[in-house]
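Notes for the one structure printed next.
The values are calculated or read from the model by the stated rules, or taken from the named source; none is laboratory data. Because the structure is predicted, anything quoted here is derived from the model rather than measured. Methodologically, a virtual Cβ is constructed for each residue, glycine included, from the backbone with ideal geometry; neighbour enumeration extends over all protein chains shown.
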Amino acid sequence: MKKPHDMGGLPGGAIIPDFGKEPVFKEGWHGRALALTLAAGALGRWNLDASRNARECLPADDYNRFSYYEKWLAGLANLLVSHQLVSREELKDRRADKNAPDIDANPLSAAKVSAVLKTGGPTRRKVAVAPRFTVGDFVSTKSLQQGVSQPNNHTRLPYYASGKKGRIIACHDAHILPDSHAHFNGEAPEYLYGVQFLAGDLFADAEHPEDEICLDLFESYLEPLKI
Amino acid sequence: MPHDHDDEHAHSLLPPDPQLQVKALETILSEKGLIDRPALDAIIDVYQNQIGPQIGADIVARAWQDPAFKERLLKDSEAVLGEMELSGRQGEHVVIVENTEDTHNLVVCTLCSCYPWPLLGIPPSWYKSDAYRRRAVHSPRSVLAEFGLELPDSKKIRVWDSTAEIRYLVLPERPVETAGLKGKALRDWVTRDSMIGTGLPKDPKMDAPKMEVPDAETSPAETSPAPETG
């Protein structure tokens with residue numbers, strides 16, 4: 001089942017370049033929404049993959065209707081409630097319930113912001129196994145019907161590149177697998193590969209069939225190509 | 001505590017106006033001791049005033065001037081950027097891709113809005129728009145034309161869809177007109193869009209193409225009702 005966020009390759013409207021002129025935050029609340037999301041994330045109750053999944057799991061109508069930072073706020077609200085940091089009543093009342101039990105948390109302080117942002121969240125991990133593929137190998141990507149993407153399951157294999165043939169152009173070592181991590185099922189690191197596709201292999205009506213599209217795909221998304 | 005199956009839709013309890021949503025969440029989290037308001041100001045300050053495309057432009061200008069630096073940057077950008085203390089959130093693992101006579105690189109994130117934050121800052125609205133996310137992989141040439149960039153058929157386009165935690169920065173070709181330039185004079189040629197691939201380096205004395213720039217958030221030009229997405 002394809003969710004609305006998985007939109008690569010679909011027809012779309014005009015693009016409105018800003019040529020570098022747009023302010024970083026077009027509205028005051030945009031910066032605030034970003035900061036709230038990062039500060040709440042720093043509580044460590046969920047990870048970036050879960051955050052992405054929360055936005056992707058918004059009802060399609062909301063996903064399509066909300067502006068960018070509205071999706072962030074909605075995803076944040078849902079994570080806060082599902083992790084029992086905030087109750088539905090508190091969201092409704094727009095204030096904290098004075099009788100709610102204390103939460104043992106360590107909020108991000110202003111003094112630590114710079115260091116936390118500088119560290120980020122590196123995803124590379126060491127694994128004991130050898131990579132299955134090497135640069136130059138031809139592979140086929142799983143089709144989404146094969147179960148890479150169950151309804152409401154997070155994956156980073158876009159629909160437009162599923163069930164297609166490509167070639168390995170890089171191995172980026174092993175990284176946290178979002179498909180597992182987003183659902184709190186552990187980091188389950190896997191080798192991550194740069195995979196190159198020909199535009200003509202992805203799209204029957206490609207503008208220029210020899211153009212290339214490169215994606216970073218996890219080992220479990222790939223099968224050796226049987227020629 | 002019971003786990004309400006409707007948790008996913010808790011967001012619908014927020015007020016409809018996003019400004020009020022921010023206010024509500026900030027009030028609740030602050031009263032509960034889950035956020036520290038000065039930290040929010042500090043985060044905004046970092047992205048509004050400290051991190052931005054000038055950082056990426058510095059790297060590009062240095063790569064143009066210093067072949068040894070460029071070679072290391074292309075081979076092991078993560079180590080080079082780490083030494084320069086330029087890694088960080090949304091730029092933990094960066095790959096630099098070089099434009100050449102034969103190949104033009106273009107970066108997108110079709111699934112959300114992944115972007116090399118420590119090098120370019122927060123992405124512009126169009127990068128996060130449905131239109132760009134939908135079309136960049138399928139119709140890169142017509143997308144580039146909308147940025148005023150017409151590429152000859154003889155030049156191959158390589159689109160990088162940032163589907164995992166690798167972030168991409170384009171190293172554009174150095175324009176011949178910049179021969180002899182150094183420092184800021186050279187850096188000023190490196191536009192943000194040239195590092196995403198939707199533009200080329202440009203003489204800073206020339207202004208951006210004259211175009212009407214309607215508000216991307218309310219523009220009716222979209223076929224899809226949501227111009228901005230995450």
Residue tally, condition over 17 Å from B:E165 (Cβ atoms), within 12 Å of another protein chain (Cβ to nearest Cβ) and either touching a strand residue (DSSP E or B) at 6+ places or on another chain (Cβ under 9 Å) or surrounded by 18 or more Cβ atoms within 10 Å (Cβ to Cβ) (or both), over segment A:202-227: 10
Only one residue in B:I28, B:I43, B:I59, B:I35 is surrounded by 20 or more Cβ atoms within 10 Å (Cβ to Cβ), within 18 Å of the chain's Cα centre (by Cα), β-branched (V, I, T) and within 9 Å of chain A (Cβ to nearest Cβ). Which one? B:I43
Please give the helices (runs of 4 or more DSSP H) falling wholly within segment B:82-190 in which 1 or more residues are more than 8 Å from chain A (Cβ to nearest Cβ) and at pLDDT 95 or above. B:117-120, B:125-128, B:140-146, B:183-187
A:D173 being surrounded by fewer than 23 Cβ atoms within 10 Å (Cβ to Cβ), within 11 Å of another protein chain (Cβ to nearest Cβ) and out of contact with any strand residue (DSSP E or B) (no Cβ under 9 Å at 6 or more places or on another chain): no
Among the residues of segment A:70-84, write down those that are crowded, with 20+ Cβ neighbours inside 10 Å and either polar (S, T, N, Q) or at the interface with another protein chain (Cβ under 7 Å from one of its Cβ atoms) (or both). A:E70, A:K71, A:W72, A:L73, A:A74, A:L76, A:A77, A:N78, A:V81
Just one listed residue, out of A:G41, A:G8, A:G12, is over 29 Å from B:V190 (Cα atoms), crowded, with 18+ Cβ neighbours inside 10 Å and not assigned by TED's automatic domain parsing to the domain that holds A:L177, and it is A:G41
Taking segment A:91-123 and keeping only residues that are in contact (Cβ under 8 Å) with a residue 12 or more places away in the chain, within 22 Å of A:A188 (Cβ to Cβ) and buried (at least 16 other Cβ atoms within 10 Å of the Cβ), one is left with A:T123
Hey, can you tell me all the residues within segment B:13-66 that are aliphatic (A, V, I, L, M), touching a residue at least 60 places away in the same chain (Cβ under 8 Å) and in a helix (DSSP H, G or I)? B:I55, B:A57, B:I59, B:V60, B:A61, B:A63
Matching residues in segment A:156-185 (part of a strand (DSSP E or B) and on the phi > 0 side of the Ramachandran plot) number 1
Does A:S180 meet the test of being more than 12 Å from every other protein chain (Cβ to nearest Cβ) and under 16 Å from the mean Cα position of the chain (by Cα)? yes
If a residue has to be among the aliphatic types (A, V, I, L, M), farther than 23 Å from B:P140 by Cβ and modelled with pLDDT of 95 or more to count, how many in segment A:206-227 make the cut? 1
